[in-house]
Amino acid sequence: MEVLIFPDSQSLDRKSADLVESQITTFRDSVIGLATGSSPLGLYQELCRRHQEQGLSFAKVKTFNLDEYVGIPDDHPQSYRTFMNKHLFKHIDIDLGNTHVPNGMAENPLETGPAYEQKIEEAGGIDLQVLGVGTDGHIGFNEPTSSLGSVTRVKTLTEQTFEDNSRFFTADEFQPKLAITMGIKTILDARRVILVAQGENKADAVRDMVEGPLSAFCPASALQLHQRTTILIDEAAASKLQLRDYYQFVGKMQEQLTEKHSPSDWVRR
Ligand code: F6R
């Protein structure tokens, strides 16, 4: 697990965008896993800017979103499909037919998971997965005690996640308590993972994810098993890490290495 700590959100957003750009310029038909929520917003803004100002192309890219609420339609203002269209897809040259978000309105939501897994497999698997982390350590909507071997399925949100996400819903709006989410195994199967977290309210989750024991109680700790995960955090989110200085030193060493070797040397399929 590589931990990169940034002094401000602009540098964090630029670095996360560099990693995505590196992937999709090396392999133009890359399959990218995407997250919603506040954490990747700066990354998406930076990708839109690079598309508009520098011609970064997504024309052949395929995407799979981590999750979607059960019971709200695609065109609902709070659906994750709406979020993705608004914050990324409508600003870039991606073919919407190549973008996938789990179907929260399926007649039988229990059947959605296997179908979604099959689509990911048919696309050749996920090359790079973008993640945020919940204050309770969830990734996707894999809440504490989710099986570390889980695949896409319906999950019940914890009270904490429900409350964290209530900021997006108005008081009289239906807020779902169920979601369809990629599983932890689905995420671990991605060839590369980048996780973005900012703010003091993520400090406990970041500590448990990076330095805590591997445990289903902190689903993000499963990333300790992944070979190519980069955690991009700000000082506040890093504030409870014991080996903070060491991670910064590793970052400097890494920079020296990448000066000698082109960043694309680090992108593998
Ligand atoms: C979103 C997702 C969630 C969020 C997490 C953090 O698709 O899967 O795991 O990444 O809840 O949310 P924010 O970024 O809003 O703090």
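In square angstrom, what is the accessible area per residue of segment 2-260 with a 1.4 angstrom probe?
Values: 11710 Å² over 259 residues.
On a per-residue basis, 45 Å².
Leaving out ligands, DNA and RNA, and with a 1.4 Å probe, what % of the accessible surface on the chain is carbon or sulfur?
Values: 6290 of 12510 Å².
Taking all protein chains in place, the chain shows 50 percent carbon and sulfur surface.
For the chain, modelled as a Gaussian network with Cα springs under 10 Å, which listed residue fluctuates most, E235, E122, E143?
E122
Looking only at segment 28-45, which residues have a backbone nitrogen under 15 Å from a spot 7 Å from the Cα of Q10 in the C-beta direction?
The answer is 42-43.
If you stretched the chain out fully between Q45 and S57, how much longer would it get, using 0.36 nm times the residue separation minus the C-alpha to C-alpha distance? Can you show the working numbers first?
Details: separation 12, 0.36 × 12 = 4.32 nm, distance 1.45 nm.
Length difference between fully extended and current span is 2.9 nm.
Here are some pairs, K60/K252; K15/K86; K90/K119; which of them have Cα atoms lying more than 25 Å apart in this structure?
Values: K60/K252 34 Å; K15/K86 22 Å; K90/K119 23 Å.
From the list (K60/K252; K15/K86; K90/K119), the Cα-Cα distance tops 25 Å for K60/K252.
Quickly work out the Q118-to-K185 label distance, labels modelled 7 Å from Cα along the C-beta direction, and quote it in nm with one decimal.
Going by the 7 Å Cα→Cβ label model, 1.7 nm.
What whole-number distance in Å separates the alpha-carbon centres of segment 9-64 and segment 187-264?
Taking the Cα centre of each part, segment 9-64 and segment 187-264 sit 19 Å apart.
Between N201 and T156, what's the calculated FRET efficiency when r is the beta-carbon distance and R0 is 22 Å? Round to 0.05.
Working: r = 22 Å, r/R0 = 1.01.
That pair, N201 with T156, gives E of 0.50.
Just for segment 2-260, what percent of DSSP beta bridges are antiparallel, to the closest 5?
Values: 9 of 31 bridges.
Antiparallel bridges: around 30 percent, rounded to the nearest 5.
Just read off the accessible area of T170 with the full protein assembly in place, 1.4 Å probe, to the nearest 10 Å².
Here the accessible area works out near 80 Å².
The values are calculated or read from the model by the stated rules, or taken from the named source; none is laboratory data. For clarity, every value in this text was computed on a predicted model and none was experimentally measured. Virtual Cβ from ideal backbone geometry, glycine too; neighbours counted across all protein chains shown. SASA here: full protein model, heavy atoms, side chains in, ligands and nucleic acids out. Shrake-Rupley method; radii C 1.70, N 1.55, O 1.52, S 1.80 Å.
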